[in-house]
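In what follows, a single structure is set out as structure tokens and then discussed.
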Amino acid sequence: MLNNNYVKIKELVLTEVNEKLLCSAKRNLILFKNYFSIDKITFICSDMLKQVDQTYYNYFDIVLANMPQTPSKTAIRSKHFYNNIIVDKYGGNDGAGLYSELINNISKYVVKDFKMFNL
């Protein structure tokens, strides 16, 4: 719910591929805390949805994704913007590789009329 540029969130589940990037996400939440209120936050270190357990089956109504979109068959070395963490990114032949993987594996985690957004 958006109220005067302030977002009220009942529950937020954040996943990230490694612990350092998960810590960066936590710092970003602190940095932007004046723009939203979150009742419950869960952090999961997971490559895609591999460590997201059945607790979250048929659970999510909104999915936000921000994954590499650069076409690549081999890893692209990338520095994370805020804290210079080096990560390997694979975008697949057309740049949609990770999004295709997400879409192919997300059905058991989302409610019937879920919404997905690319950031």
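Just one of the numbered conditions (1) surrounded by fewer than 16 Cβ atoms within 10 Å (Cβ to Cβ); (2) under 23 Å from Glu19 (Cα atoms); (3) at pLDDT 85 or above is not true of Tyr109: (1). Pairs needed: first member in the stretch 26-53, at positive phi; second member anywhere, outside any strand (DSSP E or B) and loosely packed, with under 13 Cβ neighbours inside 10 Å; C-beta distance under 9 Å; at least 6 residues apart or different chains. No pair meets every condition. Could you run through the stretch 1-29 and say how many residues are assigned to a strand (DSSP E or B) and hydroxyl-bearing (Ser, Thr, Tyr)? Residues flagged as assigned to a strand (DSSP E or B) and hydroxyl-bearing (Ser, Thr, Tyr) within the stretch 1-29 amount to 2. Within the stretch 30-60, the set of residues being among the acidic types (Asp, Glu) and assigned to a loop (DSSP other than H, G, I, E, B) comprises Asp47, Asp53. Name the residues in the stretch 78-106 that are part of a loop (DSSP other than H, G, I, E, B), touching a helix residue (DSSP H, G or I) at 6+ places or on another chain (Cβ under 9 Å), at pLDDT below 60 and not aromatic (Phe, Trp, Tyr), would you? Of everything in the stretch 78-106, those that are part of a loop (DSSP other than H, G, I, E, B), touching a helix residue (DSSP H, G or I) at 6+ places or on another chain (Cβ under 9 Å), at pLDDT below 60 and not aromatic (Phe, Trp, Tyr) turn out to be His80, Asn83, Ile85.
Please determine, by comparing only the residues of the stretch 61-77 that are assigned to a loop (DSSP other than H, G, I, E, B) and under 28 Å from Lys8 (Cβ atoms), which one is modelled with the highest pLDDT.
Among them, the one singled out is Asn66.
Of the residues making up the stretch 40-54, at least one is surrounded by 10 or more Cβ atoms within 10 Å (Cβ to Cβ), touching a Phe, Trp or Tyr at 6+ places or on another chain (Cβ under 7 Å) and at pLDDT 75 or above.
The values are calculated or read from the model by the stated rules, or taken from the named source; none is laboratory data. As the structure is a computational prediction, the values presented were derived from the model and not from experiment. Note that each Cβ is placed from the backbone with ideal geometry, even for glycine, and that neighbours are counted across all protein chains shown.
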